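Taking it in order: structure first as structure tokens, then the write-up.
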Amino acid sequence: MSAFSDRIREELGSGLFKVADLESGPKTFTISHLLEAVRMFKKNVDLLCFKETERQLQVNLSNAKWLIENLGDDPETWRDKRVTLYLAPFEYEGETKQGIRIRLAGADDQPQRGDGSVQIVPPRKNDMNDEIPF
């Protein structure tokens with residue numbers, strides 16, 4: 001990113017999250033609300049808003065599916081949920097690119113699948129008994 005771009009971003013303090021914003025690592029936020037069908041870039045888009053920042057995440061199909069599967073079908077119930085934005089690879093027209101994905105906050109230490117989703121692993125039950133009965 002150029003110095004001009006950095007300065008403009010700092011002055012604006014808002015806008016949409018971009019891949020460059022997460023290159024330094026994942027960021028965790030609290031969901032404020034979802035703005036639905038906002039006219040932007042000559043099309044309607046959905047924007048996920050957060051309490052800690054004025055930046056918004058344009059919700060793509062992959063993230064919309066994740067939100068519905070993990071937080072429920074009603075965006076009103078997403079309020080106050082903590083999520084982490086992170087980068088994950090995806091294939092587009094034969095090229096590997098980075099995209100912004102969402103996971104539950106605190107799920108960083110859980111094993112992840114190839115698509116970046118979290119695989120919840122239940123704790124192992126220690127039912128092994130090494131004693132030999134005689």
Rh by Kirkwood over Cα pairs, then Stokes-Einstein D for the stretch 13-109 at 1.002 mPa s and 20 °C, µm²/s: 153 µm²/s
For Phe17, distant residues with modelled amide H under 5 Å away: Gln56, Leu57, Gln58
For the stretch 77-83, take each phi angle, set θ = phi - 60°, evaluate the Karplus expression 6.51 cos²θ - 1.76 cosθ + 1.60, and give the result in whole Hz per residue in order, putting x for glycine and proline. 7, 7, 3, 6, 7, 8, 10
Return the FRET efficiency for the residue pair Ala64, Glu23: r is the Cβ-Cβ distance, R0 is 25 Å, and the value is rounded to the nearest 0.05. 0.60
Approximate spin-label separation Lys97-Lys43, in nm, with each point projected 7 Å along Cα-to-Cβ: 1.1 nm
Filter Lys18/Lys97; Lys43/Lys81; Lys27/Lys51; Lys18/Lys51 down to the pairs with a C-alpha to C-alpha distance above 20 Å, please. Lys43/Lys81
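Read-outs: derived from the displayed coordinates by stated rules, not from any lab. This one's a predicted model, so the numbers in the text were calculated from it and none came from an experiment. Cβ atoms come from the backbone with ideal geometry, glycine included; neighbour counts cover every protein chain shown.
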